[in-house]
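A.B. asks: What follows is a structure written as structure tokens; I'll ask about it next.
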Amino acid sequence: MIRFDLRCRRDHHFEAWFRDNAAYEAQAAAGGLSCPICGSAKVEKAIMAPRVAKSAGRVPDTRPAPVPIPAPMAKSGSPKEAQALRAALEQLRDHVEATCDDVGEAFPEEARKIHYGEAEARGIYGQASEAEAEALAEEGVEFSRLPLPRRNS
Ligand SMILES: [Zn+2]
């Protein structure tokens, strides 16, 4: 005798014993099988889940999947891209140094003078502290920040 786990069309699971698989097939083909719960004759062998999944008392993992933390922007580019960006910035700095007056730490003062027409309008470059840069921006003085240290020369 072998036991089959059977399932009707309404998903009732039940067990039935047969002499062998052929006996089951014959009885099923003849419509001699019916669900003991609802009486449906539409009965088939249930597909059993592997025992491993049923046992072991493992609690399903319902924790949300970990969200990937984006890498900091500075690290997102490839080394090649970073190199290209740096080269472009260095080119810009070279251009600025070649075409503008270096006023050094007098930059905020000089930029203001040019802005208010107290000095000759020309391109200048130099240093400004964060606070000075903010003050200049508030006054509407146009300037750009060059995100590169000055060349050590
Ligand atoms: Zn049923």
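Computed from the coordinates by the stated procedures, all read-outs in this text should not be read as laboratory data. Since the model is a prediction, treat every value here as computed from it, not as a measurement. Neighbour counts run over all protein chains shown; Cβ positions are idealised from the backbone, glycine included.
A.B. asks: Take the Cβ-Cβ distance between GLN127 and SER78 as r, set R0 to 30 Å, and report the resulting FRET efficiency rounded to the nearest 0.05.
C.D. replies: Approximately 0.45, to the nearest 0.05.
A.B. asks: Residue separation times 0.36 nm, minus the C-alpha to C-alpha distance between CYS100 and ALA119: what's the value?
C.D. replies: Computed gain between CYS100 and ALA119 is 5.4 nm.
A.B. asks: Counting other C-beta atoms within 10 Å, and keeping those with at most 15, which DSSP coil GluC sites (Glu not before Pro) do you find in segment 88-153?
C.D. replies: GLU105, GLU118, GLU120, GLU142
A.B. asks: Here's another thing I want to ask about it. Between LEU85 and SER144, what is the FRET efficiency for a Förster distance of 22 Å, r being their Cβ-Cβ separation, to the nearest 0.05?
C.D. replies: With a Förster radius of 22 Å, E is 0.90.
A.B. asks: Cα-based Rg of segment 2-47 per 2.2 N^0.38 Å, rounded to two decimals?
C.D. replies: Scaled against compact globular proteins, the figure is 1.01.
A.B. asks: If you don't mind, another one. Go through ALA87, THR99, GLN127 and say which Cα lies farthest out towards the positive end of the charge dipole of segment 78-139; charges sit on Cβ, +1 for Lys and Arg, -1 for Asp and Glu.
C.D. replies: ALA87
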